[in-house]
Amino acid sequence: MRELGEGIPRMFEEMEREGFYPPRFDDIGGVYFQVRLRNEPVYDTKTLLWLRQFNGLNLTGDQKRILVCAKVHGGRFKSREYQKLTGLDMYRALMSIRNMIRRGIVRSTGKGSRVYEINKDFAGAPVEPPELVQLLPELQRKGELGNSDVTSILKLDRQAALRVTRRLVRDGWLVREGQRKWTRYRLPS
């Protein structure tokens with residue numbers, strides 16, 4: 001830390017970028033404060049996987065929030081809803097929406113309309129592998145899976161299950177931890 005006032009803003013930026021709740025500050029006796037960082041994502045696992053299609057686009061936390069909100073509400077949102085959700089003024093909200101339009105993420109529903117929809121033709125959308133779809137319910141329930149879990153859920157022999165998990169890890173859908181019989185697979189944070 002260089003004592004230039006970078007620490008606290010950086011904590012907020014990093015936590016938002018990773019999809020976690022913002023830091024919480026508690027006053028302890030007037031001179032000291034305590035910072036709480038929750039290692040818990042704001043969104044559920046399915047939503048985090050859906051948001052992966054926008055990785056690499058450096059979307060702001062506000063842009064991610066409106067996309068998730070729109071997804072839940074039929075793929076559409078109004079500029080006023082965006083302002084209300086994010087606390088941005090009309091000008092800044094419109095600039096953020098225009099940024100997403102230029103990137104092809106959303107589009108206006110008509111000339112002069114203040115209603116926007118998620119562009120279904122967005123080219124960045126990865127398709128979840130069918131094996132992952134089968135593993136998701138148990139992954140969400142347990143938080144991690146072992147090799148024996150994968151073989152029983154996918155109804156594959158050990159070698160075929162290992163090939164599937166290697167591919168899912170290589171493509172970034174799963175994270176591998178441990179070795180041999182202690183190997184565990186979890187969703188990326």
Scan the stretch 112-135 residue by residue and report those that are touching a Ser or Thr at 6+ places or on another chain (Cβ under 8 Å) and either crowded, with 16+ Cβ neighbours inside 10 Å or part of a loop (DSSP other than H, G, I, E, B) (or both).
Arg114, Tyr116
Unique match (being farther than 30 Å from Arg102 by Cα, not in a helix (DSSP H, G or I) and not assigned by TED's automatic domain parsing to the domain that holds Ile101) among Arg176, Arg163:
Arg176
What's the number of the only condition in (1) at pLDDT 90 or above; (2) touching a Phe, Trp or Tyr at 6+ places or on another chain (Cβ under 8 Å); (3) exposed (fewer than 14 other Cβ atoms within 10 Å of the Cβ) that Lys155 fails to meet?
(2)
At pLDDT below 90 and either surrounded by 14 or more Cβ atoms within 10 Å (Cβ to Cβ) or outside the structural domain of Gly75 (by TED's automatic domain parsing) (or both): is that true of Arg184 in this structure?
no
Looking only at the stretch 1-46, which residues are part of a strand (DSSP E or B), in contact (Cβ under 8 Å) with a residue 24 or more places away in the chain and surrounded by fewer than 14 Cβ atoms within 10 Å (Cβ to Cβ)?
Val35
Tell me, yes or no, whether the stretch 80-93 has at least one residue that is under 29 Å from Leu168 (Cα atoms), in contact with a helix residue (DSSP H, G or I) (Cβ under 9 Å, 6 or more places away or on another chain) and surrounded by 12 or more Cβ atoms within 10 Å (Cβ to Cβ).
no
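Please state which one of Leu145, Leu162 is surrounded by 12 or more Cβ atoms within 10 Å (Cβ to Cβ), under 30 Å from Met15 (Cβ atoms) and touching a residue at least 12 places away in the same chain (Cβ under 8 Å).
Leu145
For every residue, the table says whether it meets (1) within 26 Å of Leu132 (Cβ to Cβ); (2) assigned to a loop (DSSP other than H, G, I, E, B); (3) in contact with a Pro (Cβ under 8 Å, 6 or more places away or on another chain); (4) of a type in the set (Val, Ile, Thr).
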| position | (1), (2), (3), (4) |
| --- | --- |
| Leu48 | yes, no, yes, no |
| Asn58 | yes, yes, no, no |
| Arg65 | yes, no, no, no |
| Glu81 | no, no, no, no |
| Leu94 | no, no, no, no |
| Ile101 | no, no, no, yes |
| Gly104 | yes, yes, no, no |
| Arg107 | no, no, no, no |
| Gly110 | no, yes, no, no |
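The values are calculated or read from the model by the stated rules, or taken from the named source; none is laboratory data. Every value quoted in this text rests on a predicted model; they were computed, and no experiment measured them. Neighbour counts are summed over all protein chains in view; Cβ atoms, including those assigned to glycine, are modelled from backbone coordinates with ideal geometry.
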